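The structure under discussion appears below in the form of structure tokens.
Read the figures in this text as sums done on the coordinates, not as results from a lab. Because the structure is a prediction, the values reported are computed rather than measured. Here Cβ is always computed from backbone atoms with ideal geometry, including for glycine, and neighbour counts include all displayed protein chains.
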Amino acid sequence: HYVALQRDVEGDLLLGDMGEGLPFRPGMFDGCISISALQWLCNADKKTHSPPKRLYRFFSTLYSSLARGARAVFQIYPENSEQLELITAQAMKAGFTGGMVVDFPNSSKAKKFFLCLFAGVSGVLPKGLGSESTDRGVSNQAQFTAQRSRFTNMKGKSVKKSKDWIMEKKERRRRQGKDVRADTKYTARHRKPRF
Amino acid sequence: MKLLTHNMLTSHVKGVIKGYPLIIKATEVKVNELEFNGQFVSRMIPKLEWSALIQAAGWLGQSQDLPSTLIPDYENDEEFLRKVHRILLEVEVIEGCLQCPESGREFPISKGVPNMLLNEDE
């Protein structure tokens, strides 16, 4: 915030921890922009910190401080898909709709994630940049709904390629008497696209 | 901290029900000059808790004959809008603190920035 003070920015500054909740009256803002901040709530910096709780506290207080129909956009650097899921789950729990928009999904360098949230009304997600080169068929968007289908699909089976699915497959092959690598902390870890 | 911000702030200490408005205890106040934008002021007025604004202006000694209730048809009253512009955006608390009206908890203001960080037990 020292940079902002030096530059004599119009507007105002507050010092706070977003995981403690936003200290605003209801319905104050029409929009919210966040750049490279939200992912830090996924780390527990203190023993007393619970990331899901802090994320929920942030999203629920944000939701109440936004006017109906307001939008919030977060440019984030998620470490892995678990973090992404944790974030979106708490946002949905707080009442937001929306989804993820990805710019240049096929470029590990240029790839940018934008969590786009709508308060009170459903909105149309913007199109991610770099969508012309979708030769690998990677989608730019993931709209989340109220349904929680990430753990199993309709037949009750684990979603393909998820950690659950991989663990089950390994167990299945062990039962078949096949040679299977021992499980380590790296098992089913998410790999980058170039892997 | 500007009074526009103060008007939006509430105490977010857990368990507090009536954390608004925060009581201003100022030891240093500054008045800056900021370009007047009548449209901006006009649009912000409906979002304000007017009585809290008047009360805050009083604490800072900046009441300056602002009416205790909003006047009708303020959108076209430039003199009025300029007064509101001044109190919302030009008056700034540089040093002091904000006190929660319910719990008495104080949030310090230093170099114009209120510190809203909570303690472990809050």
Legend entry - Distance from the range B:1-26 to the range A:17-59 (C-alpha centre basis), Å: 18 Å
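Over the range B:3-114, what relative contact order in percent results from Cα pairs under 8 Å that are six or more residues apart? Intermediate results must be reported in sequence, preceding the final value.
Numbers: 160 pairs, mean separation 43.6, N = 112.
Computed over the range B:3-114, the figure is 39 percent.
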Legend entry - Antiparallel DSSP beta bridges within the range A:18-131, as percent of all bridges there, nearest 5: 70 percent
Legend entry - Dimensions in Å of the range B:3-114 - Rg and Dmax from alpha carbons: 14.3, 42
Inset, instruction - Quote the relative contact order of the range A:18-131 in percent (integer), defining contacts as alpha-carbon pairs under 8 Å separated by 6+ residues. - result: 28 percent
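Which whole number gives the average, over all residues in B:14-20, of C-beta atoms from other chains lying within 10 Å of the residue C-beta? Show your work: numbers first, answer last.
On the way: counts 3, 0, 0, 0, 0, 2, 3.
Shielding by partners across B:14-20 averages 1.
How much net charge surrounds residue B:84 when only the other residues with a Cβ under 13 Å from the Cβ of residue B:84 are counted, with Lys and Arg +1 and Asp and Glu -1?
Numbers: positive: B:2, B:43, B:47, B:82, B:83, B:86; negative: B:65, B:75, B:77, B:78, B:79, B:90.
Here the charged neighbours net out to 0.
Is the shape of the protein assembly as shown best called rounded, prolate or oblate, per the rule: a/c under 1.5 gives rounded, else a/b larger than b/c gives prolate, else oblate, with a ≥ b ≥ c the square roots of the Cα gyration tensor eigenvalues? Walk me through the numbers before you get to the answer.
Values: a/c = 2.73, a/b = 2.15, b/c = 1.27.
Here the protein assembly as shown falls in the prolate category.
Test of the criteria: in the range A:9-109, which trypsin sites (Lys or Arg not before Pro) are in a DSSP loop and have at most 11 other Cβ atoms within 10 angstrom of their Cβ?
Details: sites: A:46, A:47, A:53, A:54, A:57, A:68, A:71, A:93, A:109; in loops: A:46, A:47, A:109.
Sparse-neighbourhood loop trypsin sites (Lys or Arg not before Pro): A:46, A:47, A:109.
Report the calculated FRET efficiency for residue B:70 and residue A:32 (r = Cβ-Cβ distance, R0 = 41 Å), to the nearest 0.05.
0.90
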Inset, instruction - Just grab the label-to-label distance for residue A:80 and residue A:171, each label 7 Å out from Cα along the Cβ direction, in nm (one decimal). - result: 1.9 nm
Inset, instruction - Over all alpha-carbon pairs of the range A:18-131, lay out the pair-distance distribution in 5 Å bins, whole %, shortest bin first. - result: 2, 12, 21, 25, 19, 12, 6, 2, 0
Legend entry - 5 angstrom amide H check on residue A:70, placed H, neighbours 5+ away: A:119
Legend entry - For the range A:162-178, 3J(HN,Hα) per residue [Karplus equation, 6.51 cos²θ - 1.76 cosθ + 1.60, θ = phi - 60°, Hz, x = Gly/Pro]: 6, 4, 4, 4, 5, 5, 5, 5, 4, 5, 4, 6, 5, 5, 6, x, 7
